[in-house]
Amino acid sequence: MYNFMFAFVICAIVYIIGEYVSNATKAWIPSVFVTAVILLIGYWTVIPTTLVSDSNLIPFGSTIGIYLLITHMGTVISLKQLMQQWKTIVVCLAGLAGMIALCWFIGPLVMDKTLVIAGLPPLTGGIVAAPVMKDAAAAAGLEVAAVFAIAMYCVQGFAGYPLTAVCLQIEGKRLLKDLRAGKVTITPEMRKEMASVGIGKVSDDPTRKTLLKPLPEKWNSPVVQLGKLGLVAWLATQFGAITGISGAIWALVFGVIATTIGFLETTLLNRANSYQITMFALMMYVFDGLKDCTPEMLGKIIVPMLVLIVIGVVGMAIAAFIIAKVLKMSFPMALANGLTALYGFPPDAIITDSTCKALGKTEEEYQYLMLNMFPSMIVGGFTTVTITSVFVAGIFAGLL
């Protein structure tokens, strides 16, 4: 009975349950958190640990899917919005500095220092840093530290998801309170920007001026749109190889530029009716990392892992609070930006979107929340996970 199609169905079921719980709780319990818990318990009991591989979602989700989605995010965020996020970058860097500093000085007082060194980079950047630290610890003969690095990657999201949900809920309610009280006036320019931000809809702006003229509709089929998106993503991989900077960063930047000049349409994957399946494949690839977290592994290192996470989040919160005051930012939003280090993209996009949908009573309120939170969370995720974690892991790997 069990084959690749049944594996696909199981993946879909656990994903759907996560979405239902998120909707029922108005995003207080994020869908990614629920799905991760179900899969983790399932791996320990009845679900094969090869589930995602058996479904054949990994080859697509871990390669083409991730680059198409990141480039697609560039078609959702405008050049103006991207340039406005410099405060987000500063907050994220400060938050990571606070996390590293407190863990470095307090961590060794309550746990083995090798565990601090092995676990801190995955805590600041998850999927990017975990394999680097695992290999470095294994090469140094530190088996427990190698396991600790992977376990930290597998479990840190369980702390990051609900904490981020709380921060976004607080920020969203504050924004809506001002909007409903008439303290915020939505201008025509804002309305245009609001219509272009979102991960689950197609937006059009007939007044949008671009360098290139749009293709006639009869020639601009979904496959043509995907081909253009793939071309931009391919250019990003080439620039990544040439510059040494992650191709994922270039994918986001090139996506914004290509949309600005008119080569790519806004919210392109949605237009091509391909967003949901691409996101589904990528998320299942992310969740596949949970298969390595056995009950024995978790039981052996759960205490030091929780200690490191608590210390790290406290350090991040202190730094985010200080920088938020200096830059006159909202503290809940600043902390939410920093917490993207615990999971990165695409969970940051999903949590933000589901929170905005849960809080906004109208389409306009939803779009207003997305305009104020979505670009910041996306840039935050790339700052913490895709950029900074690479450098942190490179430095800490040498310390082992």
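Residue count for region 355-369 satisfying the condition of being surrounded by fewer than 24 Cβ atoms within 10 Å (Cβ to Cβ) and over 17 Å from Ala195 (Cβ atoms): 3.
Residues that are at pLDDT 75 or above and either outside any loop (DSSP other than H, G, I, E, B) or within 27 Å of Thr35 (Cβ to Cβ) (or both) occur at least once in region 194-205. Taking helices (runs of 4 or more DSSP H) as the structural unit, those lying wholly within region 1-110 and holding at least 1 residues that are within 18 Å of the chain's Cα centre (by Cα), in contact (Cβ under 8 Å) with a residue 12 or more places away in the chain and surrounded by 15 or more Cβ atoms within 10 Å (Cβ to Cβ) correspond to 4-24, 31-44, 66-76, 79-83, 86-110. Of all residues in region 215-226, those satisfying the criterion of being at pLDDT 90 or above, assigned to a helix (DSSP H, G or I) and farther than 13 Å from Ala258 by Cβ are Pro222, Val223, Val224, Leu226. For region 300-328, the set of residues classified as of a type outside the set (Val, Ile, Thr), closer than 20 Å to Ile117 by Cβ and under 22 Å from the mean Cα position of the chain (by Cα) consists of Met305, Leu306, Leu308, Gly312, Gly315, Met316, listed by residue number.
State all residues of region 310-352 that are part of a helix (DSSP H, G or I), out of contact with any Ser or Thr (no Cβ under 7 Å at 6 or more places or on another chain) and at pLDDT below 90; if no residue qualifies, say none. Once the filter is applied, which keeps residues that are part of a helix (DSSP H, G or I), out of contact with any Ser or Thr (no Cβ under 7 Å at 6 or more places or on another chain) and at pLDDT below 90, region 310-352 yields Leu342, Pro347, Ala349.
Residue-by-condition table, conditions (1) at positive phi; (2) at pLDDT 85 or above:
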{"position": "Ala258", "(1), (2)": "no, yes"}
{"position": "Thr267", "(1), (2)": "yes, no"}
{"position": "Ile277", "(1), (2)": "no, yes"}
{"position": "Phe280", "(1), (2)": "no, yes"}
{"position": "Tyr285", "(1), (2)": "no, no"}
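Filtered by the rule that a residue be in contact with a helix residue (DSSP H, G or I) (Cβ under 7 Å, 6 or more places away or on another chain) and more than 24 Å from Arg271 (Cα to Cα), region 217-240 gives Phe239, Gly240. The conditions of being among the β-branched types (Val, Ile, Thr) and in contact (Cβ under 8 Å) with a residue 12 or more places away in the chain are not met by Val224. Just one of the numbered conditions (1) surrounded by 23 or more Cβ atoms within 10 Å (Cβ to Cβ); (2) part of a helix (DSSP H, G or I) is not true of Leu264: (2).
The values are calculated or read from the model by the stated rules, or taken from the named source; none is laboratory data. As the structure is a prediction and not an experimental result, all values here were calculated from the model. Counting neighbours? That spans all protein chains shown, and the Cβs are built from the backbone with ideal geometry, glycine included.
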